[in-house]
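The values are calculated or read from the model by the stated rules, or taken from the named source; none is laboratory data. Here the structure is a predicted model, which is why all the values come from computation and not from measurement. Here the Cβ positions follow ideal geometry from the backbone for every residue, glycine too, while neighbour counts run over all protein chains shown. Please note that ligands, DNA and RNA were not included when accessible areas were found on the heavy atoms of the full protein model with its side chains. Shrake-Rupley method; radii C 1.70, N 1.55, O 1.52, S 1.80 Å.
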Amino acid sequence: MASIASPYGLKAVNELGGLPYSGSTRQFLIDPAGYAVNIFNGSVVAINAAGYLEVVTTNGDSTTPFPAGTIGVFAGCSYVNAQGQVIYAQYYPAGTTGVATAYVIDDDRAVFQVQSVGTVAQAAIGANVYLNAVQSTSTGSTTTGNSTSAIVIGSSAAATSGLAFRVVGFVDMYGFSSVGDAYTDVLVKFNPAAHSYSNPAGI
C-alpha cells in the first residue's frame, strides 16, 4: 500500500484509449551556455522564448498556471562532458555547458502515473489536480536522477478548469497502491490549456 510519501515525478504508462506507452520521445536542446537548474526525470518541462528546454517553475494551479510553452515530461538527456565523451543521463546537472539534448515525452494524450501528497478517493475520477509545489533545482534526487514532484487535489478546486492535470484513473496494484491509500498513486493527463500542443496560445 502507498502508505509512505515517496514521490517519483510523472511516469508515462499509456495513452488515452489504453494503447501502451511505446517509449517514444522528442528531442529538445537545453541552453548550451549552461542552464542553472537540475532537470530531473519525471519533471514537467517547457520551451522558453529562446527556444530552449527548461523546468516549469509554476505549479499549475488556477493562479500560477503552466506557461504556454509547456511541452511534456522530461525523460533524460545526453551531453558531452569535459573529456569529449557523450554522456546519457537520467537527469540534467545544473550548469552543464555545451550541446545538451533533452528527451521529452511530449504526447499531449499521454497518461502518467504520479503520487499524491494525500489520500485520493474513488470520487476523484475526472477531478482536476496540480503539482503540490513548484519545481526547482532541488525537486529531485541527484542519486537516482528522478523527480520528487507529486500532485495535490483540493476538494474546492477539483472542478476548476484552469488546473494542470485531469485524474483519469488509479494505480490499483496489489501490495503497491490502492484507491484511498494515504499517498494514493493516480493516473493523470495534461489538460488542454496546460500543454503547448493543445493550447492555442503561442510561445
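Applying the Karplus relation 6.51 cos²θ - 1.76 cosθ + 1.60 with θ = phi - 60° to the stretch 35-46 yields 3J(HN,Hα) values of 5, 8, 10, 4, 10, 9, 4, x, 8, 7, 10, 9 Hz, where x marks Gly and Pro. Bridges between two residues of the chain, per DSSP, are antiparallel at a rate of about 95%. Each residue of the stretch 113-123 was assigned a 3J(HN,Hα) from its phi angle through the Karplus curve 6.51 cos²θ - 1.76 cosθ + 1.60 (θ = phi - 60°); the sequence is 8, 8, 8, 8, 7, x, 6, 10, 8, 4, 5 Hz, with glycine and proline shown as x.
Accessible surface for Leu29 stands near 90 Å², nearest 10, in the context of the full protein assembly shown (1.4 Å probe). Fully extending the segment from Gln83 to Ile4, taken as 0.36 nm per residue of separation minus the present Cα-Cα distance, adds 24.3 nm.
Please work out how much accessible surface Ser141 shows to a 1.4 Å probe, ignoring ligands, DNA and RNA, in Å² rounded to 10. Near enough 30 Å² of accessible area.
For the pair Ser161 and Arg109, a Förster radius of 25 Å applied to the C-beta separation gives a FRET efficiency near 0.85, rounded to the nearest 0.05.
Counted residue by residue at 0.36 nm each, then reduced by the alpha carbon distance between them, the extension gain from Thr64 to Ser138 reaches 24.7 nm. For the chain, the Kirkwood estimate of the hydrodynamic radius, built from every pair of different alpha carbons, is 17.0 Å.
Across the stretch 134-203, C-alpha contacts under 8 Å between residues 6 or more apart give a mean separation that, scaled by the residue count, equals a relative contact order of 22 percent.
In the stretch 139-202, the ratio of gyration radius to Kirkwood radius, Rg to Rh, stands at 1.04 when only Cα atoms are counted.
Working from the Cα coordinates of the stretch 108-159, the gyration tensor eigenvalues give, after taking √(5λ), semi-axes of 24, 13, 10 Å in decreasing order.
Under 5 Å from the amide H of Val120 lie the amide H atoms of Gly180, Asp181, Thr184, each residue being 5 or more positions distant or on a separate chain, with H modelled from the backbone and absent for Pro and chain starts. Here Tyr92 sits with roughly 0 square angstrom of accessible surface, probe radius 1.4 Å.
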